[in-house]
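The values are calculated or read from the model by the stated rules, or taken from the named source; none is laboratory data. Being a predicted model, the structure only gives us computed values, none of them experimental. All Cβ positions, even for glycine, are placed from backbone atoms using ideal geometry, and neighbour counts span all protein chains on display. Only protein heavy atoms, including side chains, enter the accessible area calculation; ligands, DNA and RNA are left aside. Shrake-Rupley method; radii C 1.70, N 1.55, O 1.52, S 1.80 Å.
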Amino acid sequence: MLLLALLYLGVHTMPRAWGKLNTDFPNYYLSARIAHEGSDTARLYEWVWLQREKDHRALDARLIGLVPITPFSTLVMWPLTGLAPLTAKHVWLLVNLALLVPLCWLLRSMTELPYRRIALVFALSFPLHRNLLYGQFYLLLLLLIVAGCWAYLREYYVLAGVLVALAAAAKIFPVLFFIFFLQRRAWRALVAGAVTGLASLAVSVAVFGWNLHRTYLHEILPWTLRGEGLPPYATASASISSVLHYLFLAEPQWNPQPWHSSPLCYALLQPTLQVLALAPAILLIRRQDRTQGRILLEWSALLVASLAISTIPASYNFVLLALPVCVLVALLLQRDWYGWLAVLLIVYLGIGFPLSSPTAMVGPKVLLYIPRLPLTLALLLGIYLLLWRDQRAEDSSWEWTHYAWTAAMAAALIFSVHSSLRIERAVRQEYAYRLPLRTEALLTANPGSQGSEVRYVAFTPSGYHLVWQDQDALSLGHSADDDLSFAGNSADIWVERGLSPHSAIVNLREPASTVVDDGREPMLSADAQSLAFVRDHAGRGRLMVRRGFRSEAGVEVPLTPISRNVYEASFLSEKEYAFSAVEDGRPPQIYLTDGMHANVVLPLGESRYPALSKDGRWMAYSHLEDGVWNLWVRDQRTGSTRRLADVPCNQIQPSWEDGSKTLLYGTDCGRSLWFTAVARRPVVP
């Protein structure tokens with residue numbers, strides 16, 4: 001069996017992994033390369049921005065995105081950024097294969113299993129094949145976790161804390177092992193872990209800057225914890241969160257007819273099931289029992305529990321099961337429980353085996369189509385039963401810490417239920433403003449209108465494409481090439497093509513002729529005689545305008561100083577425009593110009609996405625508060641501002657329709673972070 005599995009790895013998996021970048025290796029590689037080149041990294045989490053940077057560097061990957069990866073985890077690719085992308089992946093694959101050697105040695109040292117059985121556990125792991133195919137990070141993460149357990153067993157407590165902290169800095173969930181240290185009063189491990197965690201954060205901030213980490217802490221992490229960092233209705237992820245989204249939460253495009261539409265059921269079940277899955281792993285830790293077998297089972301319980309409650313587990317995550325499976329195999333062989341050993345083998349294969357999701361709504365029967373979740377919970381239950389059965393009589397009584405943890409988890413459960421119910425009810429207020437779109441897209445960006453047409457950029461599995469449809473969704477058209485932004489009128493549309501080594505703005509009717517070289521986000525002036533755009537250098541944008549852009553004699557003029565990193569802009573004329581920008585590492589703010597080209601910062605707080613109405617009377621924009629961007633409107637005559645909505649989700653990229661009374665904008669309410677749909681909202685009476 002081992003030889004057959006190794007043959008499959010060598011003949012099938014490795015050639016596929018070796019010959020193509022695939023996902024997710026480019027996500028790590030590109031982020032580290034951008035930082036290594038000294039470019040501004042504050043916008044790494046923005047899908048379109050990172051796609052543009054990928055195009056500029058000619059990475060052979062259709063789509064790319066950093067959400068929900070931590071910045072620190074990408075630093076592992078730092079030594080490889082000087083290599084060509086595919087060559088870098090080749091080196092990374094060889095490193096991953098080499099990591100199997102210390103992993104097998106550590107597992108043998110702790111479990112005393114023969115090498116051939118440990119090798120068989122890895123060889124039968126379908127997640128291992130996915131890990132290699134996608135160039136993922138999880139073999140290195142597994143090595144850190146296994147080595148941390150080994151160090152703790154050898155009483156190298158400082159080393160154990162350091163290794164766990166590095167794992168947590170990369171993937172967050174290993175922070176649960178600090179509960180293990182706390183319960184067992186391993187103070188040296190706790191202190192070493194805290195110091196290492198702070199040092200890791202300092203290194204990451206030094207490399208990527210504080211603004212990127214602000215974005216992660218305030219925006220990425222909260223959405224990820226509630227299961228909406230990536231599309232939450234994909235049952236293939238087989239998480240508690242995704243299954244409950246699928247069963248109970250309606251979404252007009254992704255999940256229009258759930259089994260039972262009930263935000264209350266979701267809010268009650270999601271945190272309750274997570275707490276029930278995690279609580280025994282904490283409460284069954286017994287610090288008086290310092291036997292190696294007990295520690296290995298407790299460590300395994302925390303690891304499997306973290307996978308069971310993960311909100312967006314991917315198939316390659318489950319390569320981490322190699323540790324608990326080896327621990328259980330050794331235990332079952334020692335006790336001659338061969339029947340349970342066969343059950344464990346079936347469960348292990350079932351968790352990792354790739355299955356396609358159902359194409360039609362099947363209600364609770366969906367768990368039969370995605371057995372990973374119930375099998376993972378069954379494996380976790382088995383470990384809990386072993387921990388309960390094997391505890392000594394004198395260890396069965398509770399200490400005060402167990403009561404404290406129970407109270408803390410009960411309080412967290414009540415807070416989570418209340419918070420989830422409030423959020424899920426509030427975000428559905430936006431559904432009344434959503435437009436019916438015929439394009440099957442994960443993300444629709446930069447919506448705009450021209451007459452009866454609605455135009456937007458659609459993020460589809462084949463790339464980013466400009467789409468136009470009439471307001472009744474009866475007619476539909478789209479561009480064939482990758483187009484990341486656009487501007488236009490009834491006669492012409494100018495689009496940004498993401499090319500290497502930089503973007504080009506072309507007329508959609510004459511795509512072979514470049515209008516602006518090295519430019520993004522075109523903006524047509526009100527008189528249609530000038531074309532504004534943003535030009536990037538080392539990841540920093542500068543607002544430019546090309547006068548007389550319809551002829552080859554057009555002249556380009558900068559409109560903003562080089563000290564300001566322009567994110568996006570709204571342009572009516574050279575005397576009337578607004579832009580959002582960052583200066584000296586501060587949060588983004590909106591600047592407004594006048595006839596003297598004095599770019600004055602407006603007192604709007606942390607704000608982006610300005611949109612000037614065509615009559616110049618109003619400016620719509622998005623303001624960040626409590627980790628979400630909500631729409632506001634400013635009266636340009638009086639300077640007064642008014643909030644248009646107060647919802648716990650993002651409303652971004654507004655644009656005015658004809659008449660300057662109605663806004664089109666992107667909203668991710670009820671979806672996932674920045675995977676926006678198009679909405680229309682009347683804002684001026």
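Details
- Across the stretch 432-445, the number of residues qualifying as more than 17 Å from R62 (Cβ to Cβ) and either open to solvent by 50 Å² or more (accessible area, probe 1.4 Å) or within 20 Å of the chain's Cα centre (by Cα) (or both) comes to 5.
- Test for T593: is it under 27 Å from H213 (Cα atoms), surrounded by 14 or more Cβ atoms within 10 Å (Cβ to Cβ) and at pLDDT below 95: no
- Taken over the stretch 558-588, the residue count meeting the criterion of being in a strand (DSSP E or B), under 24 Å from L624 (Cα atoms), out of contact with any Gly (no Cβ under 8 Å at 6 or more places or on another chain) and of a type outside the set (A, V, I, L, M) is 6.
Each row is one residue, and each column tells you yes or no for (1) under 22 Å from R130 (Cβ atoms); (2) out of contact with any helix residue (DSSP H, G or I) (no Cβ under 8 Å at 6 or more places or on another chain).
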| position | (1), (2) |
| --- | --- |
| R43 | no, no |
| W47 | no, yes |
| L50 | no, no |
| H56 | no, yes |
| L66 | yes, no |
| F72 | no, no |
| L99 | yes, no |
| E112 | no, no |
| I118 | yes, no |
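- Looking at the stretch 202-266, the helices (runs of 4 or more DSSP H) lying wholly inside it that each contain 2 or more residues that are open to solvent by 20 Å² or more (accessible area, probe 1.4 Å) and within 26 Å of P588 (Cβ to Cβ) sit at 210-215, 221-225.
- Taking the criterion of being touching a residue at least 40 places away in the same chain (Cβ under 8 Å), more than 30 Å from L247 (Cβ to Cβ) and open to solvent by 10 Å² or more (accessible area, probe 1.4 Å), the residues of the stretch 637-679 that qualify are Q653, P654, S655, W656, E657, D658.
- Residues being part of a strand (DSSP E or B) and either polar (S, T, N, Q) or under 30 Å from the mean Cα position of the chain (by Cα) (or both) - total across the stretch 478-521: 16
One line per residue, one yes/no per condition, for (1) among the acidic types (D, E); (2) part of a helix (DSSP H, G or I); (3) in contact with a Leu (Cβ under 8 Å, 6 or more places away or on another chain); (4) over 14 Å from G666 (Cβ atoms):
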{"position": "L387", "(1), (2), (3), (4)": "no, yes, yes, yes"}
{"position": "A408", "(1), (2), (3), (4)": "no, yes, no, yes"}
{"position": "S419", "(1), (2), (3), (4)": "no, yes, no, yes"}
{"position": "E424", "(1), (2), (3), (4)": "yes, yes, yes, yes"}
{"position": "A441", "(1), (2), (3), (4)": "no, no, no, no"}
{"position": "S449", "(1), (2), (3), (4)": "no, no, yes, no"}
{"position": "A458", "(1), (2), (3), (4)": "no, no, yes, no"}
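- Close pairs (8 angstrom Cβ cut-off, 6 or more residues apart or separate chains): in contact (Cβ under 8 Å) with a residue 24 or more places away in the chain in the stretch 120-138, of a type in the set (V, I, T) and in a loop (DSSP other than H, G, I, E, B) anywhere: Y134/T23
- Long-range neighbours under 6 Å by Cβ, at least six apart or interchain, first residue among the hydrophobic types (A, V, I, L, M, F, W, C) within the stretch 474-485, second modelled with pLDDT of 85 or more: L476/Q469; L484/V48; L484/R52; L484/Y464; L484/E496
- Every listed requirement among (1) under 23 Å from A378 (Cα atoms); (2) at pLDDT below 95; (3) of a type in the set (S, T, N, Q) is met by T272 save one, (2).
- When R438 is tested against (1) basic (K, R); (2) in contact (Cβ under 8 Å) with a residue 12 or more places away in the chain; (3) within 20 Å of F248 (Cα to Cα), exactly one condition is not met: (3).
- Screening F208 against (1) modelled with pLDDT of 95 or more; (2) more than 22 Å from D40 (Cα to Cα); (3) of a type in the set (F, W, Y) leaves a single unmet condition, (2).
- Remark: pairs (first residue in the stretch 325-348, on the phi < 0 side of the Ramachandran plot; second residue open to solvent by 70 Å² or more (accessible area, probe 1.4 Å); Cβ separation under 6 Å; 6+ apart in sequence or on different chains) = L332/W340.
- For Q469, the criteria (1) more than 30 Å from D517 (Cβ to Cβ); (2) open to solvent by 60 Å² or more (accessible area, probe 1.4 Å) hold in every case but one, which is (2).
- Members of the stretch 95-119 found to be without any contact (Cβ under 8 Å) to a residue 12 or more places away in the chain and either in contact with a Lys or Arg (Cβ under 6 Å, 6 or more places away or on another chain) or of a type outside the set (A, V, I, L, M) (or both), listed by number: W105, R108, P114, Y115
Residues checked against (1) over 20 Å from the mean Cα position of the chain (by Cα); (2) in contact (Cβ under 8 Å) with a residue 40 or more places away in the chain; (3) assigned to a helix (DSSP H, G or I); (4) closer than 30 Å to G541 by Cβ:
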residue: M14; (1), (2), (3), (4): yes, yes, yes, no
residue: N27; (1), (2), (3), (4): no, yes, yes, yes
residue: G38; (1), (2), (3), (4): yes, yes, no, yes
residue: R43; (1), (2), (3), (4): no, yes, no, yes
residue: V67; (1), (2), (3), (4): no, yes, no, yes
residue: T70; (1), (2), (3), (4): no, yes, no, yes
residue: L75; (1), (2), (3), (4): no, yes, yes, yes
residue: L93; (1), (2), (3), (4): yes, yes, yes, no
